[in-house]
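First up is the structure itself, then whatever we jot down about it.
No value in this document is a laboratory result; all are computed from the given coordinates. A quick note: this is a predicted structure, and the numbers were derived from the prediction, not measured. Because the Cβ atoms are built from the backbone with ideal geometry, glycine has one as well, and the counts that use them run over all protein chains shown.
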Amino acid sequence: MSKKNTKVKKENKKPKSKEKDLEVDIVKNDVDDIQKEKEKFLRLFAEFENYKKRTSRERIELFSTASQELMTSLLPVLDDFDRANQEIIKNSDDEIYKGVSLIQNKLFDTLKSKGLKIVEVNKGDLFDADDHEAVTQIAAPSEDLKGKIIDVIEKGYKLGEKVIRYPKVVIGK
């Protein structure tokens with residue numbers, strides 16, 4: 001009887017060990033599957049985060065370019081106001097000058113509140129091709145004005161930190 005019992009025990013042990021090995025393999029496979037799914041989830045989550053950031057940037061760029069187009073189309077109106085004021089000053093009509101200046105200032109203040117700034121350029125400043133657009137060169141009235149700005153033909157403007165129109169200048173040679 002003891003021999004039979006040991007045989008039965010040995011036979012029972014072998015299948016149990018195979019079952020345990022099979023269970024361990026199944027658990028390992030399940031862990032591997034869970035790990036793969038976790039990696040897929042993390043990749044998908046990262047892609048979604050990148051998508052949100054990209055669309056947010058694109059939306060901001062869209063608004064800035066839309067306002068840039070509007071600002072660029074309104075710049076000739078500001079130039080016309082400058083020319084009108086110069087002509088009104090020549091004719092010495094103070095009341096009309098005041099009225100036109102009020103309208104011009106109101107328009108410019110509105111555009112300024114949306115981020116428009118004038119690029120500051122003065123006569124006598126050193127010409128820089130990165131910051132100015134040279135319309136022409138003329139003989140400098142004095143030696144110290146060679147390579148410098150003699151006249152500003154058209155104002156330059158920035159929208160935020162981006163130049164949307166470079167100032168047009170005359171430089172001395």
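Here are a few things to note about the model shown:
- Stretch gain in nm, segment I60-V24, where the contour uses 0.36 nm per residue and the Cα spacing is subtracted: 7.6 nm
- Mean separation of Cα contacts under 8 Å (6+ apart) over length of the chain, as relative contact order %: 17
- The residue list L159, S142, F127 was ranked by how far each Cα lies along the charge dipole of the range 116-173 toward its positive end, using unit charges on Cβ atoms, and L159 comes out on top.
- Site pair D130 and K98 shows an inter-label distance of 4.6 nm when each label is modelled 7 Å from Cα along Cα→Cβ.
- For the chain, the longest principal axis of the Cα atoms and the long axis of helix 2-91 meet at an angle of about 10 degrees.
- 0 to 90° range, to nearest 10: angle between helix 94-113 axis and the chain longest Cα axis: 10
- Here the dipole of the range 25-173 is about 160 debye; that uses its Cα centre as origin and unit charges on the Cβ of Lys and Arg (positive) and Asp and Glu (negative).
- Local net charge near K155, Cβ-Cβ under 14 Å (Lys/Arg +1, Asp/Glu -1): -2
- Counting only aspartates and glutamates at least 8 places from K158 when in the same chain, those with an alpha carbon closer than 13 Å to its own are E69, E120, D131.
- P(r) weight above 13 Å for the range 111-173, C-alpha pairs, percent: 58
- Reported label for calculated Rg and Dmax of the Cα atoms in Å given (1) 38.6, 133; (2) 15.0, 44; (3) 16.1, 50: (1)
- Members of K28/K53; K112/K155; K112/K168; K117/K148; K90/K162 lying beyond 26 Å, as alpha-carbon distances in this model show: K28/K53; K90/K162
- Among G172, Q35, Y51 - extreme Cα towards positive end, dipole of the chain, charges at beta-carbon: Q35
- For the pair S17 and E87, label points projected 7 Å from Cα toward Cβ lie 10.7 nm apart.
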